[in-house]
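Notes follow the structure.
The values are calculated or read from the model by the stated rules, or taken from the named source; none is laboratory data. Because the structure is predicted, anything quoted here is derived from the model rather than measured. Cβ placement follows ideal geometry from the backbone for every residue including glycine, while neighbour counts extend to all protein chains displayed. Just the protein is used for accessible areas: all its heavy atoms, side chains included, with ligands, DNA and RNA removed. Shrake-Rupley method; radii C 1.70, N 1.55, O 1.52, S 1.80 Å.
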Amino acid sequence: AHALELAREIDRAIWPRLTALFAPRTPLSDARVECFHGGDGKLDVYLANLPRGRGMTIAYPPRCSGVPAFVVIAPDARPHELAHELTHAFQFAYRHPSGCADYAWLDEGTAEWAAHLVYPTDDSEHVWRYLLRDPASLPLEQRSYDTWAFALYLQKTLGAKAIARVYEASRTSSSLAAIDSVLPGGFARSWPDFARLAWNQEPVATGSF
């Protein structure tokens, strides 16, 4: 019964929102992979208990970018968690020039933001507060889920499609260079603006996202 409920959420909310965001790019077909692929080229979602965590999106080997993927998620998964994992399947469709590790932080942060985009009142992403609470402890590219807040800043200031433009730019650039190319004035101008808005308290009285 829960599997059917999740399938309905994919059809009703998750898939339409993600395909609109990343259009014209969609998860790649797995019809020609040598591994088991569910019998057709469609994206496969398996409900199974994992040794740790609530969900994983796994690229078919041997590549880790520009490749089809499948999702494994907890049998009692919530729609927000499923939206996060399905976003990864879209991200895997992009091939990156500088290796997958460079994009891992961006993938996790934007997947958490994308779940918020689909379910804006869920607020599950608020558990990842580290970027907002301690912004100087780590560089952006050494973070992970907590960078959803920066993706939200991009949405609020440039529109949600800015995230898709970052991923298009990532086909020829490193993760930070891809973002820099999308930001008006690059990080040099936009990062102080993000910091001001993310402060979300006095003396910044208005304008926070």
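Overview of values
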{"item": "Count of the stretch 169-182 residues which are open to solvent by less than 70 Å² (accessible area, probe 1.4 Å) and not small (Gly, Ala, Ser)", "result": "4"}
{"item": "Residue in the stretch 116-138 that is touching a Lys or Arg at 6+ places or on another chain (Cβ under 7 Å), in contact (Cβ under 8 Å) with a residue 12 or more places away in the chain, part of a loop (DSSP other than H, G, I, E, B) and open to solvent by 50 Å² or more (accessible area, probe 1.4 Å) present", "result": "no"}
{"item": "Which numbered condition Trp113 fails, given (1) crowded, with 18+ Cβ neighbours inside 10 Å; (2) farther than 30 Å from Val33 by Cβ", "result": "(2)"}
{"item": "Sole exception among (1) open to solvent by 40 Å² or more (accessible area, probe 1.4 Å); (2) among the small types (Gly, Ala, Ser); (3) at pLDDT below 95 for Ser65, by number", "result": "(1)"}
{"item": "For Ile163: the one exception among (1) surrounded by fewer than 18 Cβ atoms within 10 Å (Cβ to Cβ); (2) within 18 Å of Ala23 (Cβ to Cβ)", "result": "(1)"}
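So that you can scan it fast, the table gives a plain yes or no per residue for (1) under 15 Å from the mean Cα position of the chain (by Cα); (2) surrounded by 16 or more Cβ atoms within 10 Å (Cβ to Cβ); (3) not small (Gly, Ala, Ser):
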residue	(1), (2), (3)
Val45	no, yes, yes
Asn49	no, no, yes
Gly53	no, no, no
Pro75	no, no, yes
